[in-house]
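*Asks:* Quick one: the structure is below, and I'll ask about it shortly.
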């Protein structure tokens, strides 16, 4: 008798989670080998490109943080990985904004997908904060000035009491640890939500398809 | 058959390889990132130091330090979270979150930027110790008169051959001795360390150094040269010709337009509380963006604007013409 079939295990939280996963996200939905034909549009590429750029952002960021904050200023290798991080962030945002506009004009929140849209907007907002902490942690003239400028906006909300943009240590810690965890976790949730519900049908599907 | 399968009933399905798609995207984006990195590298203009500031703009440095003593700089009168200067915080009507946040990063500009470092340095400088003693023993009114006269004298200050400054003679009390000592301290590079270490061996908090340099004119001038100022859409810019945080364009936009660029303003929102107003607007707009699925009108625009017809044009055409390869939905 399998553990899942055991009456004691069936009532456990673990068993309930396992049954929910089996029901909502079986392997062929998580790793599908077929998809609706209407997904064959270039607009759908921006989502996966955003994830690809995020993977490069994280990989280059891990290498930068491993060697420490001075490395990217004083060695050719550090400067190169700093460039990889810089440009992958630029592309991450470019693809994410294109993905967001694409999903807006497809009204992708239809048919019960509003939570997926809301998680996506949350990822966009947290990504902006993550990038901002990176910009003020660059340790160059740009980071000095934008930190001085941005402090007024942060302080005006009262958040400056605990979020000090002039404190490199705090910004660096948030940038390399806590905020990326939020972004990566929410991206994983976002993708799972898409896989669970599937890709929304086109607007006017019945008329045009 | 569950809700997922019922949703796709009758929908034409085609073969799909999600792992291959991600791999191709990863290779393509990596190639793009490598190309951009090799072609353009990345911005890294060196930061300004107090040492460099005092060396290249000694009059600005001394003027700023005098302002810190007089309490006339931005930092000295900033309010929360640095000090409790009355009526300095941004408010909008009854909204005063800056004040509510309280003083959590206390900065006494005169003491920490000027008097403290001078006091440390005076242990090996009897003339400076005498000047500091004279300054601290004077009444606040007398200190104010010295500082006011010295500030006016600094308008005609000259830089001498050794990098020091000469000011037309006047009744400045001990202030010239103090300012020239602080200037020497800064030009030697010692003031950077004194402001930075704050009595701790390990320190990664640059609040005091940045606030002090931000009170001067040199850093602002350098930022202006790199189109980083607020009225240059600076928050979304980067030094040189590199792209900056372009995703902050809408946030930066509000600072350029009425009422946030106006002293008179509208409904209590003006240049004086622009930061608070812009943050509130952006918070509202971000919330609206997240809630679009529930907002009539905003959620209907995609139906009214035929962009979706362009996006799904190919699949609609295939459906109408009966494209080959159509397969029924997979039962699961």
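*Asks:* Being touching a residue at least 12 places away in the same chain (Cβ under 8 Å), over 30 Å from residue A:37 (Cα atoms) and part of a helix (DSSP H, G or I) narrows it down to one residue among B:283, B:272; which is it?
*Replies:* Of the residues listed, the single one that is touching a residue at least 12 places away in the same chain (Cβ under 8 Å), over 30 Å from residue A:37 (Cα atoms) and part of a helix (DSSP H, G or I) is B:272.
*Asks:* Now a separate question. Conditions: (1) under 23 Å from residue A:141 (Cα atoms); (2) in contact with a helix residue (DSSP H, G or I) (Cβ under 8 Å, 6 or more places away or on another chain); (3) modelled with pLDDT under 95; (4) assigned by TED's automatic domain parsing to the domain that holds residue B:56. Residue B:197 meets all but one. Number of the miss?
*Replies:* Single failed check for residue B:197: (2).
*Asks:* Hey, another quick one. How about segment B:256-293: which of its residues are under 21 Å from residue A:119 (Cα atoms) and surrounded by fewer than 12 Cβ atoms within 10 Å (Cβ to Cβ)?
*Replies:* B:284, B:287
*Asks:* Restricting to segment B:157-194, and then to whatever is in a strand (DSSP E or B) and out of contact with any helix residue (DSSP H, G or I) (no Cβ under 7 Å at 6 or more places or on another chain), can you tell me which residue is surrounded by the fewest Cβ atoms within 10 Å (Cβ to Cβ)?
*Replies:* Result: B:158.
*Asks:* Output the number of residues of segment B:143-175 satisfying the condition of being closer than 19 Å to residue B:73 by Cα and more than 33 Å from the chain's Cα centre (by Cα).
*Replies:* 4
*Asks:* May I pose another question? Hey, any hits in segment B:56-68 for a residue that's surrounded by fewer than 16 Cβ atoms within 10 Å (Cβ to Cβ), in contact (Cβ under 8 Å) with a residue 40 or more places away in the chain and closer than 20 Å to residue B:154 by Cα? Even if it seems obvious, please write down each step before you answer.
*Replies:* Here is the first cut: in segment B:56-68, the residues surrounded by fewer than 16 Cβ atoms within 10 Å (Cβ to Cβ) are B:56.
Next, from what is left, pick out any that are in contact (Cβ under 8 Å) with a residue 40 or more places away in the chain: B:56.
If we keep only those that are closer than 20 Å to residue B:154 by Cα too, we end up with B:56.
Yes, segment B:56-68 contains at least one residue that is surrounded by fewer than 16 Cβ atoms within 10 Å (Cβ to Cβ), in contact (Cβ under 8 Å) with a residue 40 or more places away in the chain and closer than 20 Å to residue B:154 by Cα.
*Asks:* Further, regarding this structure: Picking from B:143, B:187, B:134, which residue would you name as being within 30 Å of residue A:149 (Cα to Cα) and out of contact with any strand residue (DSSP E or B) (no Cβ under 8 Å at 6 or more places or on another chain)?
*Replies:* B:187
*Asks:* Spot the failing condition for residue A:127; the list is (1) more than 7 Å from every other protein chain (Cβ to nearest Cβ); (2) farther than 21 Å from residue B:289 by Cα, and only one is missed.
*Replies:* (2)
*Asks:* OK, next. So is residue B:157 touching a strand residue (DSSP E or B) at 6+ places or on another chain (Cβ under 6 Å) and either touching a residue at least 12 places away in the same chain (Cβ under 8 Å) or away from chain A (no Cβ under 14 Å) (or both) or not?
*Replies:* Working: touching a strand residue (DSSP E or B) at 6+ places or on another chain (Cβ under 6 Å): yes; either touching a residue at least 12 places away in the same chain (Cβ under 8 Å) or away from chain A (no Cβ under 14 Å) (or both): yes.
Considered against the rule, which asks whether it is touching a strand residue (DSSP E or B) at 6+ places or on another chain (Cβ under 6 Å) and either touching a residue at least 12 places away in the same chain (Cβ under 8 Å) or away from chain A (no Cβ under 14 Å) (or both), residue B:157 comes out as yes.
*Asks:* A further question on this structure: Only residues that are within 9 Å of another protein chain (Cβ to nearest Cβ) and touching a helix residue (DSSP H, G or I) at 6+ places or on another chain (Cβ under 7 Å): list them for segment A:66-80, please.
*Replies:* Within segment A:66-80, the subset within 9 Å of another protein chain (Cβ to nearest Cβ) is A:69, A:72-73, A:79-80.
Residues satisfying the conditions are A:69, A:72, A:79, A:80.
*Asks:* I've got another one for you. When segment B:15-42 is examined, which residues are found to be touching a helix residue (DSSP H, G or I) at 6+ places or on another chain (Cβ under 8 Å) and either at pLDDT below 95 or under 19 Å from residue A:47 (Cβ atoms) (or both)?
*Replies:* Hits for segment B:15-42 are B:16, B:21, B:22, B:25, B:26, B:28, B:29, B:30, B:32, B:33.
*Asks:* Related question: Which residues, taken from segment B:31-48, are within 7 Å of chain A (Cβ to nearest Cβ) and either surrounded by 15 or more Cβ atoms within 10 Å (Cβ to Cβ) or touching a strand residue (DSSP E or B) at 6+ places or on another chain (Cβ under 9 Å) (or both)?
*Replies:* B:32, B:33, B:36, B:37, B:41, B:42, B:43, B:44, B:45, B:47, B:48
The values are calculated or read from the model by the stated rules, or taken from the named source; none is laboratory data. Remember, it's a predicted structure, so these values are computed and weren't measured experimentally. A quick note on method: Cβ atoms are made from the backbone with ideal geometry, for glycine too, and the neighbour counts reach across all protein chains shown.
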